[in-house]
1. Please tell me the relative contact order of region 1-68 in percent, rounded to the nearest whole number, where contacts are Cα pairs under 8 Å and at least six residues apart.
2. How far apart, in nm, are two points set 7 Å out from the Cα along the Cα-to-Cβ line at Asp80 and at Thr99?
3. Accessible area of region 82-142 with a 1.4 Å probe: how many percent of it is carbon plus sulfur?
4. Quick check: pseudo-label points 7 Å beyond the Cα along Cα→Cβ at Asp23 and Ser69, how many nm apart are they?
5. Pairs of Cα atoms under 8 Å, at least six residues apart: use those to get the relative contact order of region 38-146, whole percent.
6. How much accessible area does Asp39 have with a 1.4 Å probe, in Å² rounded to the nearest 10?
7. Given only helices, namely DSSP H runs of n ≥ 4 each adding -39500 (n - 2.57), what is the per-residue ellipticity at 222 nm of the chain, to the nearest 500 deg cm²/dmol?
8. What size of dipole, in debye to the nearest 20, comes out for region 27-146 about its Cα centre when the only charges are +1 on Lys and Arg C-beta atoms and -1 on Asp and Glu C-beta atoms?
Amino acid sequence: MNRERVQEQLAIDEGVVHAIYLDHLGYPTFGIGHLIREDDPEHGKGVGQPISEERVTEAFQADLDIAISECEALYDQWDDFPGEVQEILVNMMFNLGRTRLSKFKNMRKALDAEVWAEAAREGRDSRWYRQVGNRAERLMSRLEDV
């Protein structure tokens with residue numbers, strides 16, 4: 001899996017903001033969709049507080065590590081998946097979280113069988129796909145082409 005390519009894709013999908021802002025649910029966030037936690041140095045700082053490029057990168061790398069480890073925990077065959085499939089699933093994990101991604105049971109069966117086109121069809125047959133739109137279609141098209 002190419003971490004730099006995942007970062008480039010997530011920067012497009014999530015956006016990159018070098019200041020604290022409120023996400024669509026009203027939670028303080030910065031960088032590439034980094035939800036500020038109590039143990040973050042930014043906790044308690046106001047909207048508009050500038051965030052350095054170095055801190056955005058540091059927070060993203062930590063979030064990426066979490067998304068990868070969540071994928072490793074969710075998918076028994078993780079290490080056997082092609083890098084492209086891993087990148088797609090990490091993107092989905094970043095967006096959905098483990099609880100919601102684990103509900104894609106038919107997609108998971110197709111992934112376990114390494115039937116990528118079927119996995120893409122199952123991914124398209126979801127509320128996530130209908131809600132997310134272009135991002136979801138791009139990811140499922142990539143999965144179809146593996």
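1. In percent, rounded to a whole number, it is 28.
2. Spacing of the two 7 Å Cα→Cβ label points: 3.1 nm.
3. 45 percent
4. Between Asp23 and Ser69, the label points sit 1.8 nm apart.
5. Value for region 38-146: 21 percent.
6. Roughly 120 Å² of Asp39 is accessible to a 1.4 Å probe.
7. Details: 7 runs with 87 residues, N = 146.
Here the helix-only value at 222 nm equals -18500 deg cm²/dmol.
8. 820 debye
The values are calculated or read from the model by the stated rules, or taken from the named source; none is laboratory data. Computed from a predicted model, the values in this text were never measured in an experiment. Methodologically, a virtual Cβ is constructed for each residue, glycine included, from the backbone with ideal geometry; neighbour enumeration extends over all protein chains shown. The area values use the complete protein model at the heavy-atom level, side chains included, leaving out ligands, DNA and RNA. Shrake-Rupley method; radii C 1.70, N 1.55, O 1.52, S 1.80 Å.
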